[in-house]
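The values are calculated or read from the model by the stated rules, or taken from the named source; none is laboratory data. Remember, predicted model here, so these are calculated numbers, not experimental data. Heads up, the Cβs are rebuilt from the backbone with ideal geometry, glycines too, and the neighbour counts pull from every protein chain shown.
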Amino acid sequence: MTYAIVLGLVVVTLLGVTIAKTLQVRSRADYLVAGRKLPWGVLVFTLLSSWIGAGSLFAGAENAYRNGFAALWQPAGGWLGLIVIALIAGRARRFAQFTVPDLLEARYNPLARILGTVATVVSYTVIASYQFKGGGDVLHLIFPDVDRTTGMFIIGVFVIVFTAAAGMASVAYLDLVIGILVTSIVLVSVPLLLARAGGWGQVMSRLPPAHFELLGDLTLTQALGFTLPTMLLLIGNQPMYQKFFSARSERDARLAVYGWIVGTVLLETLLVMFAVIGSSLFHTANPREITPLTARLGLPPLVGAILLGGIFAKVISTANNYLFSPATNLIHDVYERFINRHASERRSLVISRLVVVLLGIFALLQATTFESILKAALYAYTVYGAAVTPSVLAVFFWKRTTTPAAIVSILLGTVITIGWNAAGIFRLDAIYPALAASLISLVLVSLLTPPPPAGKWKPFFEEQEVKA
């Protein structure tokens with residue numbers, strides 16, 4: 001009963017925030033970038049909540065269950081990426097458009113915009129799909145009569161309705177509430193669980209020694225296979241750029257990154273620790289659910305219920321972000337750019353909500369085709385990280401990058417990742433061939449083609465040159 005009550009309170013809170021923000025949506029800018037009014041405090045928690053979802057709570061937990069603390073190689077990629085993000089957050093806000101393909105077209109051309117949109121839709125609908133799957137696991141643990149598949153469809157419908165309703169304003173303020181809740185309850189839960197396990201000595205005695213080593217049973221190549229896709233996804237992460245575009249000012253964007261760094265390192269480390277301690281106490285045929293299972297069985301009922309409610313809310317939050325983001329691409333980067341340039345605000349909002357629904361259905365269908373959230377996460381990260389991130393980084397760091405180079409890079413990164421995983425016969429992770437092809441083509445084609453005119457790169461370097 002405690003679990004049902006807490007989950008009900010979480011749902012009511014989410015509904016209340018969504019309804020309040022839906023009533024405030026008046027324009028496309030309100031819907032897509034929250035009217036560009038988000039202060040840095042809200043941005044910290046919306047960045048934190050959109051980044052830490054089923055990828056950390058289920059894929060990361062599955063990794064920790066199998067490999068112990070070597071699972072930290074996965075979130076460490078995000079921590080490295082945050083260092084790069086700190087350098088470009090202010091400039092991204094000054095550009096102040098709506099999507100990453102906006103950056104690609106401004107720096108390159110419309111074809112780069114289209115290819116970036118394709119990679120985003122492929123990657124982000126997969127990410128949304130495993131949020132649905134993780135949410136179904138949580139519902140099953142709270143309500144055993146609800147099987148995982150039914151729970152997955154319930155979560156999918158719930159997310160689709162929420163996301164279609166209020167857009168970025170809803171996403172950002174839902175994330176604020178969820179981020180505060182989850183951060184607080186995880187800080188309380190880890191020491192309680194450690195006491196329940198009998199201390200570190202008991203935890204270590206129940207698990208293989210490799211679970212407490214830097215690499216564990218992984219090779220360095222396997223470890224970097226977790227790190228690189230995560231790092232590349234974060235650096236080029238469209239929901240993050242949309243939030244920077246939603247910031248009240250360049251200063252708010254920069255301050256938000258610093259808060260995000262602290263919150264991400266702390267929370268992801270604690271989540272891996274929680275999963276490792278939980279794996280010393282409980283065994284499951286579904287390693288991806290070790291975190292919610294431990295919350296259900298290893299904590300005092302009220303604390304466990306709040307943590308499960310927070311996990312549920314985190315899944316909803318991340319699914320919102322990764323469903324909303326490709327919908328924004330299709331509306332802003334395809335519909336309004338190439339199909340109906342003179343669409344009214346009202347028509348754009350209607351089409352936006354319809355696209356969210358269609359993409360949500362597509363993500364649900366994808367969720368029925370895989371079992372391991374960890375594998376699905378790495379695939380989605382690689383599609384986006386190898387295809388889009390190199391060209392996005394070149395926007396801010398290499399004036400010599402040319403349009404043909406960016407197009408070849410995005411195309412190769414997407415095709416090689418999809419083909420490599422579809423073949424299923426290679427032991428090497430797709431990130432290595434896909435990233436190598438993307439980077440090499442970006443550099444070589446740039447050097448073999450005429451330099452871009454100054455007008456293409458200058459808007460993204462002006463601040464650096466003034467300070468110099």
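Of everything in segment 234-263 that's polar (S, T, N, Q) and buried (at least 22 other Cβ atoms within 10 Å of the Cβ), which residue is modelled with the highest pLDDT? Write out each step before concluding.
Restricting attention to segment 234-263, the residues satisfying the condition of being polar (S, T, N, Q) are 237-238, 242, 246, 249.
Adding the requirement that they be buried (at least 22 other Cβ atoms within 10 Å of the Cβ) leaves 237-238, 242, 246.
Numbers: ASN237: 75, GLN238: 70, GLN242: 64, SER246: 65.
Only one residue tops the list, namely ASN237.
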Checking ILE180 against (1) modelled with pLDDT under 90; (2) surrounded by 17 or more Cβ atoms within 10 Å (Cβ to Cβ); (3) not charged (D, E, K, R), which single condition isn't satisfied? (2)
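Every residue, every condition in (1) surrounded by fewer than 22 Cβ atoms within 10 Å (Cβ to Cβ); (2) farther than 25 Å from ILE83 by Cβ; (3) at pLDDT below 90, yes or no:
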residue	(1), (2), (3)
LEU359	no, yes, no
LEU364	yes, yes, no
PHE370	yes, yes, yes
TRP398	yes, no, no
LEU411	yes, yes, no
TRP420	yes, yes, no
ASP429	yes, no, yes
LEU442	no, no, no
THR449	yes, yes, no
Would you be able to tell me the number of residues in segment 266-316 that are assigned to a helix (DSSP H, G or I), among the small types (Gly, Ala, Ser) and farther than 15 Å from GLY134 by Cβ? 6
Those residues that are of a type in the set (Gly, Ala, Ser) and under 17 Å from ALA54 (Cα atoms), I need them from segment 279-300; list them, please. ALA295
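So which of VAL355, VAL350 is without any contact (Cβ under 8 Å) to a residue 60 or more places away in the chain, within 26 Å of LEU15 (Cα to Cα) and crowded, with 19+ Cβ neighbours inside 10 Å? Full working, then the answer.
Details: VAL350 fails: crowded, with 19+ Cβ neighbours inside 10 Å.
Just one listed residue meets the conditions, VAL355.
Look through segment 317-346, keep the residues that are among the aliphatic types (A, V, I, L, M) and either free of Cβ contacts under 8 Å to residues at least 12 places away in the same chain or buried (at least 24 other Cβ atoms within 10 Å of the Cβ) (or both), and return whichever of them is farthest from ALA128 (Cα to Cα).
Let us first name the residues in segment 317-346 that are among the aliphatic types (A, V, I, L, M), namely 319, 323, 327, 330-331, 334, 339, 343.
When the remaining residues are screened for being either free of Cβ contacts under 8 Å to residues at least 12 places away in the same chain or buried (at least 24 other Cβ atoms within 10 Å of the Cβ) (or both), the result is 319, 323, 327, 331, 339, 343.
Working: ALA319: 5, LEU323: 6, ALA327: 12, ILE331: 18, ILE339: 26, ALA343: 28 Å.
Among those residues, the one meeting the criterion is ALA343.
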Being at pLDDT below 90, among the basic types (Lys, Arg) and touching a helix residue (DSSP H, G or I) at 6+ places or on another chain (Cβ under 9 Å): is that true of ARG148 here? no
Six or more apart or on different chains, Cβ atoms under 9 Å: show the pairs whose first residue is in segment 295-308 and at positive phi and crowded, with 23+ Cβ neighbours inside 10 Å and whose second is modelled with pLDDT of 90 or more and hydrophobic (A, V, I, L, M, F, W, C). none
Whether any residue in segment 97-106 is small (Gly, Ala, Ser), at pLDDT 90 or above and assigned to a helix (DSSP H, G or I) is what I want to check. no
